[in-house]
Amino acid sequence: MLICALWFSHFRAPTQLLRSPVDSRIPKELSIPSKDETSSKRINIPVERSHGNEPSTSASRQQFEDPDLQYLGQVHTPRVAQQLYGEDVLNDILLKYKKIDEMKAEAEEREKEIKLIEERNRQAEIAHKKKISMELSEQLQMYLKVTEEFQEPEEEEPKLPELTDEMQAEIDKALSAPQNAVLSTGFSLSIKGSDMRTLRPLTWLNDEVINFYMNLLIERGKQDNYPSVYAFNTFFLPQLLSKGYDSLKRWTKKVDVFAHDFVLVPVHRGMHWCMAIIDMKEKVIRYYDSLDGPFPQCADALLNYLQKESMDKKKQPFDTTGWIKEHAENIPHQNNGSDCGMFACMYAEYASRGAPITFTQEHMPYFRRKVVYEILKRKLLT
């Protein structure tokens, strides 16, 4: 029995006590009770996890994972821990997490300050942009005001002459006159009722009406406040193109075409009227077509005519330096098949007084009646 007791006491395994990082700070005279002694006193101290959006390195997670707190919470109650390890050890642990809480609070405060600064900067930037915008707006308004002061006022488009009731009555009478009735004479021409009827709406103008109207433009050009004008009749260009210069050089025996500002040349292309205008000052031969059709042979023939006319009448070569041939663009066009003669006459009327060509198709009914009255009175209203 004695041997067995000795053997048992010799080989019995000693109770292994749990060790923790805080054991190094436990006074040597204090011993840790065995498992059996502390089993009745052991409690579990829950460590709450944060359910917010805190990062994984939050103080709550650090407390949960801290070995000191884990050991104390799993093994001892706070009172037992204080008795076993001393108040200093527990205070150190509590102080540690108090500092963590303070650091967290400080970090949150800094974050608030940063957001406040960012908001202030954003508001300042908005205010700065608004200020710059207002300054630019004021400068622009000032610039526009100064520009308006020095800008020449736009000239209003002159109003078309009014056709009074008395004038309208004369026009109606002329348009309904007998075909053989002579309604107007002048410039070695006679306008009969049949000629005047070509000025009715949607009717083609004939040679007599256009030639009479060209002479009215010549007469107006004799006034001091208008450019001087010479106009060939409707048979000039066909004769020039078919028989050449020699067949018509006698037509200008008493006329110096080079002494005029404008030379008007009616162009008849079978079933379509156009207008060619020689601008002596600008050195341009410009071709006007209300259907915008090309006809370069016209300008070529007219420039050749000027060269031969100069040699025949002035006995000197015509200087073609700077002269150009142009197809008129950006001009009003007809939108029917009957107003080409009126467009041709109006091209000549506007251009021969240096006016911008601003009329439209809508003006044609008015122009037809106006021309009737002008032929009756042998004078233009403009």
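Taking all protein chains together, 273, 323, 251, 204 sort by accessible area into 204, 251, 323, 273, largest first [probe 1.4 Å].
For region 165-250, the gyration tensor built on C-alpha atoms gives an oblate shape. Its axis ratio a/c (a ≥ b ≥ c) is at least 1.5, and a/b is not larger than b/c.
Net charge in the neighbourhood of residue 219 (other residues with Cβ under 11 Å of its Cβ; Lys, Arg +1, Asp, Glu -1) is +3. Quick check: net charge around residue 200, other residues with Cβ under 10 Å of its Cβ, Lys/Arg +1 and Asp/Glu -1? After counting each charged neighbour, the total is +3. Karplus-based coupling profile of region 158-166, in residue order and whole Hz: x, 6, 6, x, 7, 9, 6, 4, 5, with θ = phi - 60° in 6.51 cos²θ - 1.76 cosθ + 1.60 and x standing for Gly or Pro. Residues whose amide H comes within less than 5 Å of that of residue 275, counting only those at least five positions distant or on another chain, are 267, 288 (H built at 1.01 Å from N in the peptide plane). Over all other residues within a Cβ to Cβ distance under 12 Å of residue 374, the charged ones net out to +4, with Lys and Arg as +1 and Asp and Glu as -1.
Largest accessible area first, the residues 249, 131, 159 order themselves as 159, 131, 249 under a 1.4 Å probe with ligands, DNA and RNA left out.
Projecting the Cα atoms of 223, 188, 204 onto the charge dipole of region 186-246, computed from C-beta unit charges around the Cα centre, puts 204 farthest toward the positive end. Here the Karplus relation 6.51 cos²θ - 1.76 cosθ + 1.60, evaluated at θ = phi - 60°, turns the backbone of region 249-264 into coupling constants of 5, 6, 5, 10, 4, 10, 10, 9, 5, 6, 8, 9, 6, 10, 10, 9 Hz, with x for every Gly and Pro. The largest accessible area among 290, 242 belongs to the first residue in 242, 290, and the rest follow in falling order (1.4 Å probe, all chains). Highest mean packing comes first when the peptides 108-118, 305-315 are listed by Cβ atoms within 10 Å, giving 305-315, 108-118. Under the convention that each Lys and Arg Cβ holds +1 and each Asp and Glu Cβ holds -1, the size of the dipole of region 155-306 around its Cα centre is about 860 debye.
The values are calculated or read from the model by the stated rules, or taken from the named source; none is laboratory data. Computed from a predicted model, the values in this text were never measured in an experiment. Heads up, the Cβs are rebuilt from the backbone with ideal geometry, glycines too, and the neighbour counts pull from every protein chain shown. When the accessible area is computed, the model is the full protein with side chains, heavy atoms only, and any ligands, DNA or RNA have been set aside. Shrake-Rupley method; radii C 1.70, N 1.55, O 1.52, S 1.80 Å.
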